[in-house]
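Q: My questions all concern the structure below.
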Amino acid sequence: MPPQPAPSARRAVTQLDHRLEAVTGHDIDTLWTYRDRGVLDEPHAQLVDRHRTLANAQIGVTFYLRLLNRLTSGEFQVDGALFERIDRTVDQLEEAADARDTAAQNVLAALVPLEAAVAASTPDGGRLSTDDRAALLAIAGGAKLHEHLLTGRLSVTASSGTRIPYPQMQQLERAGLTVRDTSHPVHAGQPVSLTDAGRAALLDARRTPTIHAPKSPARPGVSPSTPVKRR
């Protein structure tokens, strides 16, 4: 019986990991954890399920590629039996690569609509709504993202006591205005801070255009800088 890929204790890295992380604002391990706890909506749950299939398919590709490298390393006697093993492994590697490519296409089918939705919801031209400005101001003073251990619900609380809706924080994060410190576990509280772009957007929102009052037309023969004398 040909060797089969053994379950890996460590998740395989795929070519689409960075796009999932960019569109969701979470690293892959966090996404998988949220999926297991049932806190993702249907589109994101489907995306994570398809990504898991892709990661498992990548394990197969890596396994057969390493086996092929071993068979051709000079460790084994070169004979007919070796050639048969190499041919069989090449076929298995090709099948694993086809399965991986199919899985990747399935991930893209779920991923592209989410990317389009994120692009459509990104704040236009750096202009902030009143709510977004208030959220950035609160985050500027310090904020943390918490996850309830029992319910799995996520909430953002600023140091000032202000609560920021999690979907709003996700939108600001996807727009590159905020960032979370993922080195801290979310159940213990992940610090949320402004990015350079977030600070710049907040600074621009604070600036109000200077409005000059229109000057009354000067009377003929009177200098604009000379006050009109009353009789």
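The values are calculated or read from the model by the stated rules, or taken from the named source; none is laboratory data. Worth saying up front: this structure is predicted, and the values here are computed from it rather than measured. Backbone-built Cβ (ideal geometry, glycine too); neighbour counts: all protein chains shown.
Q: Can you find a residue that is under 19 Å from THR30 (Cα atoms), part of a helix (DSSP H, G or I) and outside the structural domain of HIS44 (by TED's automatic domain parsing) anywhere in the range 174-181?
A: yes
Q: Considering only helices (runs of 4 or more DSSP H) fully contained in the range 1-105, which possess at least 2 residues that are within 24 Å of SER183 (Cα to Cα), hydroxyl-bearing (Ser, Thr, Tyr) and touching a residue at least 40 places away in the same chain (Cβ under 8 Å)? Can you show your working first?
A: Details: elements: 17-24, 28-36, 42-71.
In the range 1-105, 28-36 are the helices (runs of 4 or more DSSP H) which contain 2 or more residues that are within 24 Å of SER183 (Cα to Cα), hydroxyl-bearing (Ser, Thr, Tyr) and touching a residue at least 40 places away in the same chain (Cβ under 8 Å).
Q: Of all residues being charged (D, E, K, R) and under 14 Å from GLY60 (Cα atoms) in the range 74-108, which is surrounded by the most Cβ atoms within 10 Å (Cβ to Cβ)? Just the residue, please.
A: Of everything passing the filter in the range 74-108, ARG100 is surrounded by the most Cβ atoms within 10 Å (Cβ to Cβ).
Q: Does LEU108 meet the test of being outside any loop (DSSP other than H, G, I, E, B) and closer than 18 Å to ARG11 by Cα?
A: Working: outside any loop (DSSP other than H, G, I, E, B): yes; closer than 18 Å to ARG11 by Cα: no.
Considered against the rule, which asks whether it is outside any loop (DSSP other than H, G, I, E, B) and closer than 18 Å to ARG11 by Cα, LEU108 comes out as no.
Q: Report, ordered by the first and then the second residue, all pairs with beta carbons closer than 7 Å, sequence separation of six or more or different chains, a first member in the range 150-176 that is more than 22 Å from LEU114 (Cα to Cα), and a second member that is outside any helix (DSSP H, G or I) and polar (S, T, N, Q).
A: If the second residue must be outside any helix (DSSP H, G or I) and polar (S, T, N, Q), the pairs left are ARG163/SER155; ARG163/THR157.
Q: In the range 167-186, how many are closer than 12 Å to ASP132 by Cα and either in contact with a Cys (Cβ under 6 Å, 6 or more places away or on another chain) or of a type in the set (S, T, N, Q) (or both)?
A: Of all residues in the range 167-186, those closer than 12 Å to ASP132 by Cα come to 167-173, 175, 177-178.
Within this subset, residues satisfying the condition of being either in contact with a Cys (Cβ under 6 Å, 6 or more places away or on another chain) or of a type in the set (S, T, N, Q) (or both) are 168, 170-171, 178.
Summing the residues that are closer than 12 Å to ASP132 by Cα and either in contact with a Cys (Cβ under 6 Å, 6 or more places away or on another chain) or of a type in the set (S, T, N, Q) (or both) in the range 167-186 gives 4.
Q: Continuing with the same structure: Applying the selection to the range 172-184, what residues are surrounded by fewer than 18 Cβ atoms within 10 Å (Cβ to Cβ) and modelled with pLDDT under 85?
A: Once the filter is applied, which keeps residues that are surrounded by fewer than 18 Cβ atoms within 10 Å (Cβ to Cβ) and modelled with pLDDT under 85, the range 172-184 yields GLY176, THR182, SER183, HIS184.
Q: Here's a follow-up. Modelled with pLDDT under 80, closer than 27 Å to SER159 by Cα and part of a loop (DSSP other than H, G, I, E, B): which single residue out of HIS187, HIS212 fits that description? Give the derivation first.
A: Working: HIS212 fails: closer than 27 Å to SER159 by Cα.
Matching residue, one of HIS187, HIS212: HIS187.
Q: Inspect all residues belonging to the range 122-129 and state whether any of them is assigned to a loop (DSSP other than H, G, I, E, B), more than 19 Å from the chain's Cα centre (by Cα) and buried (at least 16 other Cβ atoms within 10 Å of the Cβ).
A: Checked against the condition, which is being assigned to a loop (DSSP other than H, G, I, E, B), more than 19 Å from the chain's Cα centre (by Cα) and buried (at least 16 other Cβ atoms within 10 Å of the Cβ), the range 122-129 yields at least one hit.
Q: Among the residues of the range 107-130 satisfying the criterion of being closer than 16 Å to ARG19 by Cα and in contact with a Leu (Cβ under 8 Å, 6 or more places away or on another chain), which is modelled with the lowest pLDDT?
A: Among those residues, the one meeting the criterion is LEU114.
Q: For the range 52-67, state whether one or more residues are modelled with pLDDT of 90 or more and closer than 25 Å to ARG153 by Cβ.
A: Yes, some residue in the range 52-67 is modelled with pLDDT of 90 or more and closer than 25 Å to ARG153 by Cβ.
Q: Next up: Among the residues of the range 20-28, are any surrounded by 13 or more Cβ atoms within 10 Å (Cβ to Cβ) and within 22 Å of ALA96 (Cβ to Cβ)?
A: Yes; the residues of the range 20-28 include at least one that is surrounded by 13 or more Cβ atoms within 10 Å (Cβ to Cβ) and within 22 Å of ALA96 (Cβ to Cβ).
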